[in-house]
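The values are calculated or read from the model by the stated rules, or taken from the named source; none is laboratory data. From a predicted model like this one, the values you see are computed outputs, not experimental measurements. Note that we place each Cβ from the backbone using ideal geometry, even for glycine, and neighbour counts take in every protein chain shown.
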Amino acid sequence: MSKEVTKSLKEADVTREKLIEAIKIHKSTQETSQKETDSVSDNMKTIAYELIEKMESKIPSYVKLYSDLYKKYLEIMKSFANVYCSNQKQFLTNMEVNEDTLDAIDVCLKYAKQFALYQMEINENIFKTYFGYRFTMLDFYNNMINGSIFDFA
């Protein structure tokens, strides 16, 4: 073989070796990068789960606090009703209101009570419907997240 052909083959071997080494380095870098990405993703997932579990553990406390607050409002309303009824009785006695007027007041109070009970039922149904819609939307959103729309792979 001629010296030029031998030199050309040696250069080709060197170039091939450099190319193989470059590919190995690239694969190694890519694997390291993938491991780092996986590590960061795992850490983010772990942190998110820890935060969610902490928030979930607070739910009973929040519900109890809200319930206690609501009970306090109801206690105040009962106290107000007792004081108001006592004063009203004294007021009506001092005015010497006749029996027909007292009956008319009683009919109005019963009507007001029925109206308030009806409003409570309507409000309960509104809340049930509202939360039903919210749960449906959250289920839809969850299905969208778990579906292929956010699949970046």
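Miscellaneous remarks
- Unique residue being at pLDDT below 85, of a type in the set (S, T, N, Q) and surrounded by 10 or more Cβ atoms within 10 Å (Cβ to Cβ) when the list is Thr6, Thr101, Thr93, Thr46: Thr6
- Meets criteria (more than 34 Å from the chain's Cα centre (by Cα) and of a type outside the set (Gly, Ala, Ser)) for Leu65: no
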